[in-house]
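Here the structure is laid out as structure tokens; the discussion comes afterwards.
Nothing in this text is a laboratory measurement; each read-out follows from the coordinates by a stated rule. If you're wondering where the values come from, they're calculated on a predicted model, not measured in any experiment. Ideal geometry is used to build each Cβ from the backbone, glycine not excepted, and the neighbour counts take in all protein chains shown.
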Amino acid sequence: MANLVEDRLKPEIAPAPARAPRQRSPMRVLAFLIILIVVGVGVAAYLHFQDRVSSDDANVDGHISAIAPKVSGSVSEVLVLENQAVKAGEVLVRIDPRDFQAKVDMNKAAMLLAESQLRSAQVTVPWTNETTQSGTSAASAGLTGMEAEVERARIGYEQASGSDLLYAKANVGAKQANDERAQADLARMKPLVDKAEISRQQYDSYVAAARVAESELQAAQEKLGSAEKEAAMRKAALDAALSHVNQAKAQVETSVANRKQVEIRTADVGSFSAAVAAARANLEAAELQLSYATIVAPVDGVVTHKNVEVGQIVSPGQGLMTIIPLTDVWITANFKETQLANVHPGQRVEIKVDMYGRSVIGHVDSLSGATGSRLSLLPPENATGNFVKVVQRIPVKILVDRQDDLVLRPGMNVDVTIFTK
């Protein structure tokens, strides 16, 4: 009851009027939406580009085969046109080959002559060997025979000048003694026969004995003379045999000296073999020079920058044309050094070709060992002057995995994007 009275005695408080809702400005809503869109785009761009790096400083690269002659001469044929596709081994240019053919023919004749001389020397060696060997054998046999003849002559001389001569002399002495005794007996008997103290018959026997003794003395003296002549003849025969021995020795020495002809002929074979090798090398060199008169394409590609015409005199090393192999190309992209922290070989690359407005797929092959400025003709020298730090670019080689029938020519501009993850 008390509480009821108190409630009635309180002044009535009127309720506060309700606040009308505030209207939002359309410009604020639009700004909020724009900010939201920008943030979304930024997040999307970050998410899109955080695992990739791109560069528009990239070009198609390829091998450039410069065609130049190795010999000088007059151009007789030009078989290709500018921008013509050629295959490896296809003839491009022919140089007048007549001078080179003449040298080939001359060297071929020289080689045939050298080979003929070699064959002759090879035949001469065994013939000389057999001839000199038989001559040496014959001379040795002759020397042996002459030495045996000397021995026989020496024995004969010793016999003739020894026992035979002494026997003849002794026989002369004996016969002379007999003759002297017979003559003395005859001289003693002559006075007795004159005095008739002995008979005439006895005296005649003494006369006959004296004549026999005298004739025997003459015979012994003639035999002695014959023995002396025989000894002289034996001495002459011995001297002749010794002379023949000396001649046989000289023939043996000559034969031995002739045996050295084998070594000389063998050396000739070596010389002619070397001459054949030299002639063959000269012929091969001449044939090689002749082959250089025909210039062929080293690779498949397209003829570019043709600079040769028929009748033109060319010299070794002179540029005639260039062949570009369009099937063996790659991309050289110059990335900032700050972009390559996560780039390594094998990563996928998207290559957009400006000429076609289309993209092809490739992969990172390798990174250059130095920056482009360091490899330039005049590299920077930061140790002198005022130093300004400049972000360097490093070449990255990118191989094309699939060209999608697009022809990539060296020097074309491309944009590349490397997917680092």
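Modelled label-to-label distance, GLU222 and GLU287, 7 Å Cα→beta-carbon offset: nm?
9.4
How about segment 317-388: which chymotrypsin sites (Phe, Trp or Tyr not before Pro) there are in a DSSP loop, with at most 16 other Cβ atoms within 10 Å of their Cβ?
Of the chymotrypsin sites (Phe, Trp or Tyr not before Pro), the ones in loops of segment 317-388 whose Cβ has at most 16 other Cβ atoms within 10 Å are TYR356, PHE387.
For SER72 and ASP51 in the same chain, what is the full-extension length gain: residue separation times 0.36 nm, less their Cα-Cα distance, in nm?
Working it through step by step, the gained length comes to 1.8 nm.
Checking a compactness column here: for segment 349-396, what do you get for Rg(Cα) / (2.2 N^0.38 Å), N being the number of residues?
1.68
Per-residue counts of other Cβ atoms within 10 Å, averaged by peptide: what ranking do you get for 147-153, 414-420, highest first?
Order by mean packing, descending: 414-420, 147-153.
With the crude spin-label approximation of a point 7 Å out along Cα→Cβ, what separation in nm comes out for TYR203 versus GLN101?
Between TYR203 and GLN101, the label points sit 13.0 nm apart.
Quick one: 3J(HN,Hα) in Hz for segment 335-343, Karplus 6.51/-1.76/1.60 with θ = phi - 60°, rounded, Gly and Pro as x.
Couplings: 9, 5, 4, 6, 8, 9, 4, 10, 9 Hz.
How far apart, in nanometres, would the label points at SER273 and PHE32 be if each is projected 7 angstrom from Cα along the Cα-to-Cβ direction?
For the pair SER273/PHE32, the computed spacing is 10.6 nm.
Sorted from largest to smallest, which semi-axis lengths in Å does the alpha carbon gyration tensor of segment 197-317 give for its equivalent ellipsoid, taking the root of 5 times each eigenvalue?
Sorted largest first and rounded, they come to 109, 11, 8 Å.
Determine the gain in length on full extension of the stretch SER315-ASP300; use 0.36 nm per residue of separation and subtract their C-alpha separation, reporting nm with one decimal.
Contour length minus the Cα-Cα distance gives 2.9 nm.
Using 0.36 nm per residue of separation minus the Cα-Cα distance, give me the extension gain between ALA141 and ASN342 in nm, one decimal.
Here the answer is 62.5 nm.
Report Rg(Cα)/(2.2 N^0.38 Å) for segment 311-359, keeping two decimals.
Cα Rg divided by the expected 2.2 N^0.38 Å: 1.99.
Give the long-range amide H neighbours of VAL296: residues separated by 5 or more places, or on another chain, with amide H under 5 Å away, using H modelled in the peptide plane at 1.01 Å from N.
It is LEU92, by chain and number.
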